[in-house]
Structure formats: structure tokens, C-alpha cells
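First comes the structure, then the notes that go with it.
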Amino acid sequence: MTKRNKIIYWIATVWLSLGMLSTGIVQLLKVKEEVALFTQLGYPIYFLTLLGIWKILGVIAVLIPKFTLLKEWAYAGFFFAMSGAVFSHIAVVDHSFSAYFGPMLLLVLTVLSWYFRPAERKIVSTNL
């Protein structure tokens, strides 16, 4: 892995982890603004707890060494959660572009972190 790729990976991964951790905590605490947003998007409030727990566990999985399969699942979960958030905001017509910024940024960071991850954090397939 080149030094450039390692820098890209760690910058993307740190920002992704901070973003997912902070939104996960906000969702677990059921902050008033987050509850209002989820209600406006049409989701049940208990979904906040579920997403918050998954995000925090996903951050742990991405940051700890080894457990490559678990990392793949965490990246997939982040991708589905953030792409779902983007499409949820699109479905609500009165949302401005600023509503998309957070989920889109986390979606881009997820893809960057996954793509530039070091070889020891990737699943090795021998069936090719």
C-alpha cells in the first residue's frame, strides 16, 4: 500500500467513524431534532435506537484489527444506511439540498474508506 493510499484511507476512515459515531449517539439519545426528522421522513421512533446501535457497532468493527468479514458487513451496513437516508430525503419533496449533505458525505467516506483499506483489512478469496 502506497503512502498516499494509506493517508486517504485513514482520513476517510477517521471522518467516517466520527460521523457515524456522532450520529449514532444522537440517535440513541433521541435528540429532539432527530426525532422530528425521523417523524417527518415517516419512520418509527424505535428505528433511531436500532440505527444508533448498528452505527456504533459498525464503527468498532471498522476500526479494530482483523475480523475482515465483519468489516465488510459494517461497510455494507454503512452504505445501505446512508444511501437509504439520501433516498429518504429525496422522497420528502420539501427538503433542501443541505438535508442531503450529511448522508451523501458519509456515503462518499464509506466508499473511500472501503476502497483504500489496507490488504490486511480485506477478505482474501482463493476461489478466483
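Restricting the stretch 88-107 to residues that are outside any helix (DSSP H, G or I) and in contact with a helix residue (DSSP H, G or I) (Cβ under 7 Å, 6 or more places away or on another chain) leaves a set whose member that is farthest from Val14 (Cα to Cα) is Val92.
Put simply, of Thr23, Thr2, Thr68 the only residue that is in contact (Cβ under 8 Å) with a residue 60 or more places away in the chain and under 21 Å from Val111 (Cα atoms) is Thr23.
Is it true that Thr110 is under 11 Å from the mean Cα position of the chain (by Cα) and at pLDDT 90 or above?
Numbers: under 11 Å from the mean Cα position of the chain (by Cα): yes; at pLDDT 90 or above: yes.
So Thr110 passes the test.
Based on what the data block shows, is Thr110 within 18 Å of Trp15 (Cα to Cα), in contact (Cβ under 8 Å) with a residue 24 or more places away in the chain, in contact with a helix residue (DSSP H, G or I) (Cβ under 7 Å, 6 or more places away or on another chain) and of a type in the set (Val, Ile, Thr)? Spelling it out, Thr110 is indeed within 18 Å of Trp15 (Cα to Cα), in contact (Cβ under 8 Å) with a residue 24 or more places away in the chain, in contact with a helix residue (DSSP H, G or I) (Cβ under 7 Å, 6 or more places away or on another chain) and of a type in the set (Val, Ile, Thr). Within this structure, Phe97 fails the test of being among the aromatic types (Phe, Trp, Tyr) and surrounded by 12 or more Cβ atoms within 10 Å (Cβ to Cβ).
Check the stretch 64-78 and report whether any residue there is at negative phi and touching an Asp or Glu at 6+ places or on another chain (Cβ under 7 Å). No: zero hits.
The residues listed here are Ser113, Ser125, Ser83; of these, the one that is among the polar types (S, T, N, Q) and surrounded by 17 or more Cβ atoms within 10 Å (Cβ to Cβ) is Ser113. When the stretch 29-55 is filtered for residues that are closer than 22 Å to Lys71 by Cβ and either surrounded by 15 or more Cβ atoms within 10 Å (Cβ to Cβ) or in contact (Cβ under 8 Å) with a residue 60 or more places away in the chain (or both), the ones remaining, listed by number, are Leu51, Gly52, Trp54, Lys55. Could you tell me whether any residue of the stretch 68-87 is closer than 28 Å to Ile7 by Cα, β-branched (Val, Ile, Thr) and in a helix (DSSP H, G or I)? Yes: the stretch 68-87 contains one or more residues that are closer than 28 Å to Ile7 by Cα, β-branched (Val, Ile, Thr) and in a helix (DSSP H, G or I).
The values are calculated or read from the model by the stated rules, or taken from the named source; none is laboratory data. Note that the coordinates shown come from a computational prediction; the quantities given were computed from them, not determined experimentally. Here Cβ is always computed from backbone atoms with ideal geometry, including for glycine, and neighbour counts include all displayed protein chains.
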